[in-house]
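> Next up is a structure, given as structure tokens.
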Amino acid sequence: MTQRDVVFPPGRRALYERNRYSPAIRSNGFLFVSGQVGSTEEGSPEPDLEAQVRLAFNNLKAILAAADCSFDDVVDVTVFMVDPESTFERVWSVVPEFWGSAPHPTLTAVGVTWLYGFQFEIKVIARLPETTL
């Protein structure tokens with residue numbers, strides 16, 4: 001088996017090692033990012049929904065930056081929301097702070113019943129800059 005090319009954001013390595021998964025893997029010109037939630041550095045959920053979503057995006061931003069990527073490089077997004085019928089508008093009000101203007105990446109939104117105490121999770125696939133290939 002080949003060695004995985006793992007990307008770790010600064011300051012959160014222990015959290016990923018404790019939970020036994022990689023935050024992101026570089027492969028074939030793409031960055032595959034694990035689902036990011038609005039967790040503090042020690043892993044607990046941010047209680048306020050909008051703040052939790054912002055923190056999830058900021059955690060994602062840190063991983064993208066560690067791979068020399070940005071939100072402009074994101075091509076595919078999957079979001080998971082607990083109770084999207086009542087939270088979607090509040091969650092989606094935060095998105096423009098990070099995505100910017102169109103064209104936007106592809107998106108799949110999934111309503112779920114449980115996210116380990118969180119209300120929102122986002123995972124993405126981004127293209128890697130030519131210089132990191």
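> Yes or no: residue 51 at pLDDT 95 or above, open to solvent by less than 10 Å² (accessible area, probe 1.4 Å), closer than 25 Å to residue 114 by Cα and part of a helix (DSSP H, G or I)?
Values: at pLDDT 95 or above: yes; open to solvent by less than 10 Å² (accessible area, probe 1.4 Å): no; closer than 25 Å to residue 114 by Cα: yes; part of a helix (DSSP H, G or I): yes.
Criteria not met by residue 51.
> Related question: Tell me which strands (runs of 3 or more DSSP E) are completely within region 1-42 and hold 3 or more residues being open to solvent by 20 Å² or more (accessible area, probe 1.4 Å), in contact (Cβ under 8 Å) with a residue 12 or more places away in the chain and over 19 Å from residue 120 (Cα atoms), or say none if there are none. Can you show your working first?
Values: elements: 5-7, 24-27, 30-37.
Here the list reads 24-27.
> If you don't mind, there's one more thing I want to ask. Which pairs do you get when a residue that is more than 17 Å from residue 54 (Cα to Cα), found in region 75-97, comes within reach of a residue that is open to solvent by 70 Å² or more (accessible area, probe 1.4 Å), reach meaning Cβ atoms under 7 angstrom, with the pair 6+ apart or on two chains?
75/106; 75/127; 76/106
> From 115, 107, 49, 64, grab the single residue that is out of contact with any Gly (no Cβ under 9 Å at 6 or more places or on another chain) and under 25 Å from residue 11 (Cα atoms). Can you show your working first?
Details: 115 fails: out of contact with any Gly (no Cβ under 9 Å at 6 or more places or on another chain); 107 fails: under 25 Å from residue 11 (Cα atoms); 49 fails: out of contact with any Gly (no Cβ under 9 Å at 6 or more places or on another chain).
After ruling out the rest, the residue left standing is 64.
> Please state which one of 66, 102, 62 is open to solvent by 50 Å² or more (accessible area, probe 1.4 Å) and closer than 22 Å to residue 126 by Cβ.
Exactly one of 66, 102, 62 is open to solvent by 50 Å² or more (accessible area, probe 1.4 Å) and closer than 22 Å to residue 126 by Cβ, namely 102.
The values are calculated or read from the model by the stated rules, or taken from the named source; none is laboratory data. It should be emphasised that the depicted structure is a prediction, and the values quoted were computed from it without experimental measurement. Positions of Cβ are backbone-derived with ideal geometry, glycine not excepted, and every protein chain shown enters the neighbour counts. For the accessible areas, the whole protein counts, side chains as well, though only heavy atoms, and no ligand, DNA or RNA atoms are used. Shrake-Rupley method; radii C 1.70, N 1.55, O 1.52, S 1.80 Å.
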